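All remarks here apply to the structure that follows.
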Amino acid sequence: MDAEPQVAPSAAEAPRKSDLGVRVASAVVMLTIAGAAFWAGGLWLDLFVAVVAFGVFVEYVRLVGKIADNAARLSSMVIFGAVYVGWGGLALAVMPEPLMLAVLGLVICTDTGAYFTGRSLGGPKIAPRISPSKTWSGLLGGMAAAGIWASLVVLSASYLVSAIGPTGPSVAAALEVANLGMAAIAGAVLAVFAQVGDFYESWLKRRAGVKDSSRLIPGHGGLFDRVDGLLPVAIIVGTAWAATQAGL
């Protein structure tokens with residue numbers, strides 16, 4: 001390859017200043033608000049979920065508004081979004097708070113495991129035209145992390161249940177009751193759905209020609225960017241929970 005002349009980067013091409021400080025500050029604010037909602041619980045937590053879901057839906061509508069080329073397609077996409085986001089929000093609202101925390105933890109573990117495994121191992125991309133940074137190794141790492149998280153959640157729950165027994169809390173008794181293998185498999189499968197949700201939003205943004213769903217959260221994009229993987233997992237877990245409560 002012939003050497004190209006060195007050209008000084010323009011102002012637009014110059015490396016941008018790191019936004020780590022802004023991202024950390026935004027994360028602290030988000031965690032504080034979410035933590036306060038969890039602490040208050042009950043109606044306040046439901047209102048928090050409803051507000052976030054409404055914000056996500058607004059961002060979804062803005063994205064599909066840039067994609068749809070006619071009124072019929074726009075209407076169908078908006079209806080789908082209303083069902084998708086609304087179902088996810090309702091599923092979170094009907095869950096008991098410990099289960100909601102478990103679901104949030106699983107999605108966080110999926111994203112974290114996928115990020116660090118993908119960065120460390122690299123390898124073939126899953127769908128480079130949709131999300132160039134997503135690799136198969138990252139997916140496997142996310143599945144592994146989610147499987148471990150799900151196993152720990154089930155083991156912890158079994159341990160707490162053993163505490164009401166005649167012998168008191170016992171790890172051995174918890175291990176006898178907990179099916180850690182099935183928990184790990186369930187966690188890994190849910191991690192796949194979390195990644196599907198991530199890819200779906202990435203596809204919408206790529207079609208709309210935008211980087212983030214909005215600029216609501218400095219350094220983090222929009223609400224949809226934060227919960228894209230959570231929505232499908234919440235739908236699955238929340239629906240399963242509601243079905244068991246209804247005796248189905």
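The values are calculated or read from the model by the stated rules, or taken from the named source; none is laboratory data. Just so it is clear, the structure is predicted and the values come from calculations on it, not from any experiment. Cβ sites come from the backbone with ideal geometry, for glycine too, and all protein chains shown count toward neighbours. The area values use the complete protein model at the heavy-atom level, side chains included, leaving out ligands, DNA and RNA. Shrake-Rupley method; radii C 1.70, N 1.55, O 1.52, S 1.80 Å.
Note that region 130-248 presents 51 Å² accessible area per residue, ligands and nucleic acids not counted, probe 1.4 Å. Between Ala145, Ala27, Ala102, the GNM of the chain built on Cα springs shorter than 10 angstrom shows Ala27 fluctuating the most. Axis of helix 230-245 versus longest Cα principal axis of the chain: the two differ by about 20°, to the nearest ten degrees.
Once you sort the root eigenvalues of the Cα gyration tensor of region 37-166 as a ≥ b ≥ c, which label holds: rounded (a/c under 1.5), prolate (a/b larger than b/c) or oblate (the other case)? Taking the square roots of the gyration eigenvalues as a ≥ b ≥ c, region 37-166 is oblate.
Note: region 106-244, Cα convex hull, 136 Å³ per residue.
In a GNM of the chain with a 10 Å cut-off on Cα contacts, which of Trp87, Trp44, Trp136 has the highest mean-square fluctuation? Of Trp87, Trp44, Trp136, the most mobile in the Gaussian network model is Trp44.
What does the C-alpha gyration tensor say about the overall shape of region 17-89? Classify as rounded when a/c is under 1.5, otherwise prolate if a/b is larger than b/c, or oblate. Here region 17-89 falls in the oblate category. Note on region 188-248: percent of Cα-Cα distances in each 5 Å bin, starting at 0 and stopping at the bin with the largest distance, equals 4, 18, 20, 19, 15, 11, 6, 4, 2, 0.
Converting phi to 3J(HN,Hα) with the Karplus coefficients 6.51, -1.76 and 1.60 and the offset θ = phi - 60°, region 136-142 yields 5, 5, x, 4, 5, x, x Hz in sequence order, with x at every glycine or proline. If all Cα-Cα distances of the chain are sorted into 10 Å bins from 0 onward, what percent lands in each bin, rounded to whole numbers? That works out to 7, 24, 33, 22, 9, 4, 1, 0, in percent per bin. Let me confirm the definition first: pairs of Lys residues in the chain, 8 or more apart or on different chains, C-alpha distance under 23 Å. How many are there? Value for the chain: 8. Using a 10 angstrom Cβ neighbour count of at most 12 plus a DSSP loop assignment to flag exposed trypsin sites (Lys or Arg not before Pro), which longest range of the chain is free of such sites? Counting at most 12 other Cβ atoms within 10 Å as exposed, the longest clean stretch of the chain is 18-128. The H on the amide N of Thr135, modeled in the peptide plane, is under 5 Å from the matching H of Ile126, each at least 5 residues off or on a different chain.
If you roll a 1.4 Å probe over region 74-226 with all protein chains in place, what percent of the accessible area is carbon or sulfur? Heavy-atom surface of region 74-226 belonging to carbon and sulfur, 1.4 Å probe: 72 percent.
What the phi angles of region 217-223 give under the Karplus curve with 6.51, -1.76 and 1.60, with θ = phi - 60°, is a coupling list of 10, x, x, 10, x, x, 5 Hz, glycine and proline written as x. When you restrict to C-alpha pairs under 8 Å that are six or more residues apart and normalise by the size of the chain, the relative contact order lands at 23 percent.
By how many degrees, between 0 and 90 and to the nearest 10, does the Cα long axis of helix 180-208 differ from the longest principal axis of the chain? On a 0 to 90 degree scale, this one is about 30.
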